[in-house]
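Enquirer: Below: one structure in structure tokens.
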Amino acid sequence: MSRSVMIVGSGGREHALAWKVAQSPRVSRLYLAPGNAAQIGESVRISGEDLPALRQFAIDQQIDLTIVGPEAPLAAGIVDLFQAAGLAIFGPSQAAAQLEASKAFSKQFMQEYQIPTAAYASFSDYEAARAYLDTLNAPVVVKASGLAAGKGVIVCDDSAQAHQALQEIMRDQAFGAAGATVVIEERLTGREVSVLAFSDGDTVIPMPPARDHKRVFDGDQGPNTGGMGAYAPVPDVDAALLEEIHTTVLQRAVDGMRARGTPYVGVLYAGLMLTPDGIRTLEYNCRFGDPETQVLLPLLDSDLVEVIEACITGRLADCPVTWRDGACATVVLAAPGYPGHYPKGSPIHGIDQIADAMVFQAGTVLQGGQIVTAGGRVLAVSALDHTLNGAIQRAYQAIPKIHFDGMHYRRDIGQLL
Ligand code: AMP
Ligand code: GLY
């Protein structure tokens, strides 16, 4: 059977999903809602937020499979809405997406199912949270519980900073309603790693371990961003450690969600820290990562549509998921000023000159036939090679051929800091 597939979202992650889905012999039509200037497939002029309109489009166009990129529609219940209309869609239900959408839920869940994580307390009352901070004498991290586009986490050095963070989140409502509840947790140290997995609600198949670089400048300096680059696999996570993450962090979560009557189907993303005391789970995300997807999908040998359909129909245990040898690296090319204010509408040149790497478009639109910038993270340049160093070199060799005004990027993607 030949399918019509729709991908919800408009970033580099969604371009990578579309690029991989388009390679599947199972797919005859591909829609992006709304997509960007990459123009793989047909652009649907419906925002990822307008769930009823997306559902109506899927019914009218007889979409056989919808794949959701970002967390917001998942947390808003797009999967429940589509399933109620008999439509096949890949991602967790609203109840299961709480693993990302509510840090208070997620921490309590981890505690209940003995998933290794930092010690914590959560509060909806400002005075109670203040009083708790005064009882601690070790550094903490203060987190808005709700979705805050990756910005609601404040890592504090001392008590004064922790009080300041609490005030910003709960009193000044810096992240709006997302900060009505806070999580205060023990500050950990160590390298971070992202392990994403496919889940059909029962079987869990991890992808190769990946690492993103969140700070804007070289040497992990400057403010946090959505991610300035990534690579996979990560050499400091060996097969034994990956297996430990599989069983204690990913499988336990999927088993726990099934036990609660809210099975987790979709991609489960564990953000982990490798501490001197072992692995700790910093967070779960309920979706593919961005820019991790731009290194993981080029490494995926299997047909992504086949894997996704196995997840949706509960047959993942019978579906071999295979990966290429070697490594993949991606470097994000950002607009000037990002992650602060940045201009839009600058022409982008040179994408068509790249032969040795893949250019995944993120913040781009077509304006009168010209590709122009439309976001902070503009492009992600990914390259494959037999070795990680080779992949990094290939990505960096491609970049000078690309130009837009004020383009900036990190020069140290793939280096261990
Ligand atoms: P989260 O969204 O919870 O993953 O947090 C975003 C970032 O904050 C993480 O990638 C870490 O760099 C940092 N972070 C979160 N929790 C902790 C913690 N308990 N200790 C130290 N750093 C943390
Ligand atoms: N790369 C971080 C994320 O996708 O949440």
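Enquirer: I'd like to know if the stretch 27-39 contains one or more residues that are more than 16 Å from ligand 2 (Cβ to nearest atom), aromatic (Phe, Trp, Tyr), closer than 23 Å to Thr313 by Cβ and surrounded by 14 or more Cβ atoms within 10 Å (Cβ to Cβ).
Expert: Initially, the stretch 27-39 is screened for residues more than 16 Å from ligand 2 (Cβ to nearest atom), giving 27-39.
Remaining after also requiring aromatic (Phe, Trp, Tyr): 31.
If we keep only those that are closer than 23 Å to Thr313 by Cβ as well, we get 31.
Checking which are surrounded by 14 or more Cβ atoms within 10 Å (Cβ to Cβ) leaves us with 31.
Within the stretch 27-39, one or more residues are more than 16 Å from ligand 2 (Cβ to nearest atom), aromatic (Phe, Trp, Tyr), closer than 23 Å to Thr313 by Cβ and surrounded by 14 or more Cβ atoms within 10 Å (Cβ to Cβ).
Enquirer: Of the residues that sit in the stretch 74-131 and are hydroxyl-bearing (Ser, Thr, Tyr) and in a helix (DSSP H, G or I), which one is surrounded by the fewest Cβ atoms within 10 Å (Cβ to Cβ)?
Expert: So in the stretch 74-131, the residues hydroxyl-bearing (Ser, Thr, Tyr) come out as 93, 102, 106, 113, 117, 120, 122, 124, 126.
Applying the additional criterion that residues be in a helix (DSSP H, G or I) yields 106, 126.
On the way: Ser106: 23, Tyr126: 14.
Among those that are hydroxyl-bearing (Ser, Thr, Tyr) and in a helix (DSSP H, G or I), it is Tyr126.
Enquirer: Shifting gears a bit: What number of residues within the stretch 108-144 satisfy the criterion of being of a type in the set (D, E, K, R) and either at positive phi or under 19 Å from the mean Cα position of the chain (by Cα) (or both)?
Expert: Applying the first criterion (of a type in the set (D, E, K, R)) to the stretch 108-144 yields 112, 125, 127, 130, 134, 143.
From what is left, the residues that are either at positive phi or under 19 Å from the mean Cα position of the chain (by Cα) (or both) are 143.
The total comes to 1.
Enquirer: Of the residues that make up the stretch 334-353, is at least one in contact with a helix residue (DSSP H, G or I) (Cβ under 8 Å, 6 or more places away or on another chain), of a type in the set (A, V, I, L, M) and modelled with pLDDT of 95 or more?
Expert: Step one: list which residues in the stretch 334-353 are in contact with a helix residue (DSSP H, G or I) (Cβ under 8 Å, 6 or more places away or on another chain), which gives 350, 353.
Then drop every residue that is not of a type in the set (A, V, I, L, M), which leaves none.
The answer is no, given that none of the residues of the stretch 334-353 is in contact with a helix residue (DSSP H, G or I) (Cβ under 8 Å, 6 or more places away or on another chain), of a type in the set (A, V, I, L, M) and modelled with pLDDT of 95 or more.
Enquirer: Could we say that Leu54 is aliphatic (A, V, I, L, M), within 20 Å of Thr293 (Cα to Cα) and more than 17 Å from the chain's Cα centre (by Cα) here? Spell out the reasoning first.
Expert: Values: aliphatic (A, V, I, L, M): yes; within 20 Å of Thr293 (Cα to Cα): no; more than 17 Å from the chain's Cα centre (by Cα): yes.
No: the conditions fail for Leu54.
Enquirer: Looking only at residues that are assigned to a loop (DSSP other than H, G, I, E, B) and more than 15 Å from Trp19 (Cβ to Cβ) in the stretch 272-291, which one is nearest to ligand 2 (Cβ to nearest atom)?
Expert: First pass over the stretch 272-291, keeping only residues assigned to a loop (DSSP other than H, G, I, E, B): 276-277, 286-291.
Narrowing the set further to residues that are more than 15 Å from Trp19 (Cβ to Cβ) leaves 276-277, 286-287, 289.
Details: Pro276: 24, Asp277: 24, Cys286: 10, Arg287: 8, Gly289: 3 Å.
The residue in question is Gly289.
Enquirer: Check whether at least one residue in the stretch 302-319 is out of contact with any Cys (no Cβ under 9 Å at 6 or more places or on another chain) and within 16 Å of ligand 2 (Cβ to nearest atom), and report yes or no. Full working, then the answer.
Expert: So the first thing to find is which residues in the stretch 302-319 are out of contact with any Cys (no Cβ under 9 Å at 6 or more places or on another chain), and the list is 303-305, 308, 312-318.
Retained after the next criterion (residues that are within 16 Å of ligand 2 (Cβ to nearest atom)): none.
Within the stretch 302-319, none of the residues are out of contact with any Cys (no Cβ under 9 Å at 6 or more places or on another chain) and within 16 Å of ligand 2 (Cβ to nearest atom).
Enquirer: Please determine, by comparing only the residues of the stretch 11-27 that are free of Cβ contacts under 8 Å to residues at least 60 places away in the same chain and in a helix (DSSP H, G or I), which one is nearest to the chain's Cα centre (by Cα). Break it down stepwise before answering.
Expert: If we filter the stretch 11-27 for residues that are free of Cβ contacts under 8 Å to residues at least 60 places away in the same chain, which is where we start, we get 14, 18, 22.
Those left that are additionally in a helix (DSSP H, G or I): 14, 18.
Details: Glu14: 11, Ala18: 16 Å.
Filtering first and then ranking leaves Glu14.
Enquirer: Please identify the pairs in which a residue from the stretch 54-80 that is on the phi < 0 side of the Ramachandran plot and small (Gly, Ala, Ser) has its Cβ atom under 6 Å from the Cβ atom of a residue that is in a loop (DSSP other than H, G, I, E, B) and buried (at least 24 other Cβ atoms within 10 Å of the Cβ), counting only partners at least 6 apart or on another chain.
Expert: Final answer for the pair search is none.
Enquirer: Of the residues that make up the stretch 273-283, is at least one of a type outside the set (A, V, I, L, M), in contact (Cβ under 8 Å) with a residue 12 or more places away in the chain and away from ligand 1 (no atom under 16 Å from the Cβ)? Steps first, please.
Expert: The initial filter retains those residues of the stretch 273-283 that are of a type outside the set (A, V, I, L, M), namely 275-278, 280-281, 283.
From what is left, the residues that are in contact (Cβ under 8 Å) with a residue 12 or more places away in the chain are 275-276, 278, 280-281, 283.
Applying the additional criterion that residues be away from ligand 1 (no atom under 16 Å from the Cβ) yields none.
The answer is no; no qualifying residue exists.
Enquirer: Taking the stretch 150-168, which residues are farther than 12 Å from Pro139 by Cα and within 16 Å of ligand 2 (Cβ to nearest atom)?
Expert: Step one: list which residues in the stretch 150-168 are farther than 12 Å from Pro139 by Cα, which gives 150-153, 164-168.
Hits for the stretch 150-168 are Gly150, Lys151, Gly152, Val153.
Enquirer: How many of the residues in the stretch 324-358 are of a type outside the set (Asp, Glu), out of contact with any Ser or Thr (no Cβ under 8 Å at 6 or more places or on another chain) and closer than 14 Å to Leu297 by Cα?
Expert: So the answer is 1.
Enquirer: Hey, another quick one. Can you give me the number of residues within the stretch 360-393 that are surrounded by fewer than 23 Cβ atoms within 10 Å (Cβ to Cβ), on the phi < 0 side of the Ramachandran plot and free of Cβ contacts under 8 Å to residues at least 60 places away in the same chain?
Expert: Within the stretch 360-393, residues that are surrounded by fewer than 23 Cβ atoms within 10 Å (Cβ to Cβ), on the phi < 0 side of the Ramachandran plot and free of Cβ contacts under 8 Å to residues at least 60 places away in the same chain number 5.
Enquirer: Taking the conditions exactly as written (of a type outside the set (A, V, I, L, M) and away from ligand 1 (no atom under 16 Å from the Cβ)), does Glu112 satisfy them or not? Can you show your working first?
Expert: Working: of a type outside the set (A, V, I, L, M): yes; away from ligand 1 (no atom under 16 Å from the Cβ): yes.
In short, yes.
For (1) free of Cβ contacts under 8 Å to residues at least 40 places away in the same chain; (2) touching a helix residue (DSSP H, G or I) at 6+ places or on another chain (Cβ under 8 Å); (3) crowded, with 19+ Cβ neighbours inside 10 Å; (4) hydrophobic (A, V, I, L, M, F, W, C), each residue gets a yes or a no:
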| position | (1), (2), (3), (4) |
| --- | --- |
| Glu186 | no, no, no, no |
| Pro206 | no, yes, yes, no |
| Thr225 | no, no, yes, no |
| Gly229 | no, no, yes, no |
| Ala240 | yes, no, no, yes |
| Tyr264 | no, yes, yes, no |
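The values are calculated or read from the model by the stated rules, or taken from the named source; none is laboratory data. All figures in this text were calculated on a predicted structure; none of them were measured in a lab. Here Cβ is always computed from backbone atoms with ideal geometry, including for glycine, and neighbour counts include all displayed protein chains.
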